[in-house]
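One structure is given below, encoded as structure tokens.
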Amino acid sequence: MDRNTVIGLLLIFGLFLGFSFYQSNKARQIMQEQEQQAMEEMARQQEDSINQVLSLTVQDSLADAAAAVPESQRFSTPQLANMNDYVVETNKAYYYFAKQGGYLRKVCLKEAYRYTPKDSAKVLMEMFEDGSNMISVDLQLRDQTEIATRDCYFLSDMNGDTLVVDEQNTTLSLRIYPNNQGDSLECQTLNVNSYIEYLYTFSPDDYMFNYSIRFVNMEPYLYPNKHDYTLEWIGEPKNVEKNYENEKMLTSIYYMDNTDEVNNIDERKGGSKNFTSPLKWVSFKQQFFTATLIANDGQTFTSGSLSATMPEKEERSVLKYCQAELDFQMADLNKSAFNMSMYVGPNQYRLLKGYKMRLERQVPLGWGFFLLQWINRFVIIPVFNWLEVYGLNYGIIILLLTIGLKVVLLPVSYKTYMSSAKMRALKPELDAINARYPKEEDMMKKQQATMSLYRSAGVKPAGGCLPMLLQMPILIAMYRFFPASYELRQQSFLWAEDLSTYDSIWNFSHNVPLLGDHLSLFTILMTIATIVYTWLNNRLMNPTQGNKDQQRMMNIMMYMMPIMFFFMFNSFASALTYYYLLFNLLTFLQMWIFRAAVDENKLHEQLKTNMQKPVKKSKWQLKMEELQKQQVQLQKQQQQQNRKSK
């Protein structure tokens, strides 16, 4: 097969692929148009069905009327001119309540925006967009018929389309009334003295509002002696951030039990959990936003079940399918209430902590390890919030925070450097010991001589490791803090449009294994800085000791780690990789200052002076020497036995 034939076949194959792609797009457009037409037709049929129910004229008995009407319409038969939502406006948000069901259908936050591509118009953040939230209470009528409030039509006496909450607390009352017996549907009236009420109370400047379920004079209509009811809450949190996969992995159901312990369903796998003990609150939590139902006034959800289901791999909108069935009690059907609060807003540590309900435990600050959460709660967050007051760009705040931490850790870093400098100064003595014991069977003697040298010179080899270990919790705490910080959401710095997600400078047309579909510049710079620091540290800071092959393998591993971190951090928050970059650059500067300030020749003379002084051995050192002698003796005996056996 010649070259022209190969080129021809490739061109034919390319044309075939292009034609297939064109045909698939065309078919997809046709299917979308057909689905849209089907949805419009379904909506028209539903509207005709409602109009048909509204126009019924029944002259028969109550039994015939009840048989012709759905069970849910025994409460507040729909006679509304339109089915628009009841809307409440506060300084924080717009709340949309469905007339059919009376539940919170959608929330539009005034002070937050969803992610939109660069140069696109800003879009206000909507929680439960497309009506992806539903709350309903299961009811059992006196004749044991079961209905749900989601199917009932709630009435309100509010004036106008929107209830504005401006200066003081304002309530929205939504009620379903039982129909008076004996009325025909044509001239149906409601028993206004009996009702089930959803009572919502709002404050002008609060993301939390009160939500009460009230029963008034309902004993003639509901099944007697039934005091246990189930509130069903279904939510489908939608993708509102740039990184869908990361947001999905941070979405789950959180809850607090009656022992004030906060837990959650596995964020990566999902799952379900049944409860026979009380719960105080349940939350559908996303990366930066959360919706929480809280039992108030000493009441609790007596039991229930929670479920968070992972979406299909092809799904790119829904983060999780969340469902909660929460049991509660109504002591008196004629006069009782179950009081709750509902928080719908940012998942911000400082804001949630102010409610004193442990809601802040939803912010991932490393709660599983006490040291990480202490560093974040009592050091990082207070300093971060203090710097915020000055109105600085968040990139500058991170810079100042990093400089402050390096200054605080300066004594620890200096001790680490001095330990390394002393070992470099002793390199001639260490080389002499290596030359004295070149054989592998003399390894124990070499170790004894090395330890004796360190002890006489006053050098502690582990002295450089301990200060380094003290810095690790801070680095890990930052790993937790930056991706979870709501304050960084949609805050730009240099080329990064949003410090809470990755700063892509190059987007691929497809997904690259281990890397994703983009390149993050801060991650690239962090990786380069780490490799340079590793090279400088190996070349200038650490003397070559021990087995050369082992040292070579160690160096290879140290160079491989930054490469591995590059793939790991490429999709992480740019604030985190920016912080690690700053940390490396400041470490370079710090290392240069230390090298300029410390004269290693003088240090060597001081160590030789120390060697001439008598060293008082501690009990631990004496015990270690005794163990080493015993080990040497055992090694000699083993060698003698090996010679005899030969």
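Considering only the Cα atoms of the stretch 342-459, their convex hull presents on average a projected area of 12.8 nm². Within the shell of other residues whose beta carbon sits under 13 angstrom from the beta carbon of A291, the net charge comes to +2, with Lys and Arg scored +1 and Asp and Glu -1. Within the stretch 582-597, which residues have the backbone N less than 20 Å from the label spot 7 Å out from M561 along Cα→beta-carbon, could you tell me? Only 582-592 fall inside the zone, counting backbone N under 20 Å.
Note on the stretch 446-530: Rg/Rh from C-alpha atoms, Kirkwood Rh, equals 1.26. Remark: the D260-N296 segment gains 11.6 nm on full extension, using 0.36 nm per residue and subtracting the alpha carbon distance.
Taking a Cβ cut-off of under 10 Å around S307, the surrounding Lys, Arg, Asp and Glu residues balance to a net charge of +1, with basic ones at +1 and acidic ones at -1. Where in the stretch 272-308 does the amide nitrogen come within less than 17 Å of the point 7 Å from the Cα of Q329, taken along Cα to Cβ? Counting only backbone N, you get 276-280, 295-304.
Here the stretch 162-297 is described by how far its Cα atoms reach on the three principal axes: 58, 41, 32 Å, from widest to narrowest. Value of Rg to Rh for the stretch 383-534, rounded to two decimals, is 1.16; Kirkwood radius and Rg both from alpha-carbon coordinates.
The length gained by stretching the chain between I505 and S120 to full extension, at 0.36 nm per residue less their Cα-Cα distance, is 136.8 nm.
Give the Debye-formula value of log10 I(q)/I(0) at each listed q (0.20 Å⁻¹), with one equal scatterer per alpha carbon of the stretch 284-402, two decimals each. Results for the stretch 284-402 at q = 0.20 Å⁻¹ read -1.21. Computed from point charges on the beta carbon alone (+1 for Lys and Arg, -1 for Asp and Glu), the dipole magnitude for the stretch 420-531 about its Cα centre is near 840 Debye.
Every number here is computed from the coordinates shown, using simple stated rules; none is lab data. Since we're looking at a predicted model, the values are computed, not measured. Neighbour counts run over all protein chains shown; Cβ positions are idealised from the backbone, glycine included.
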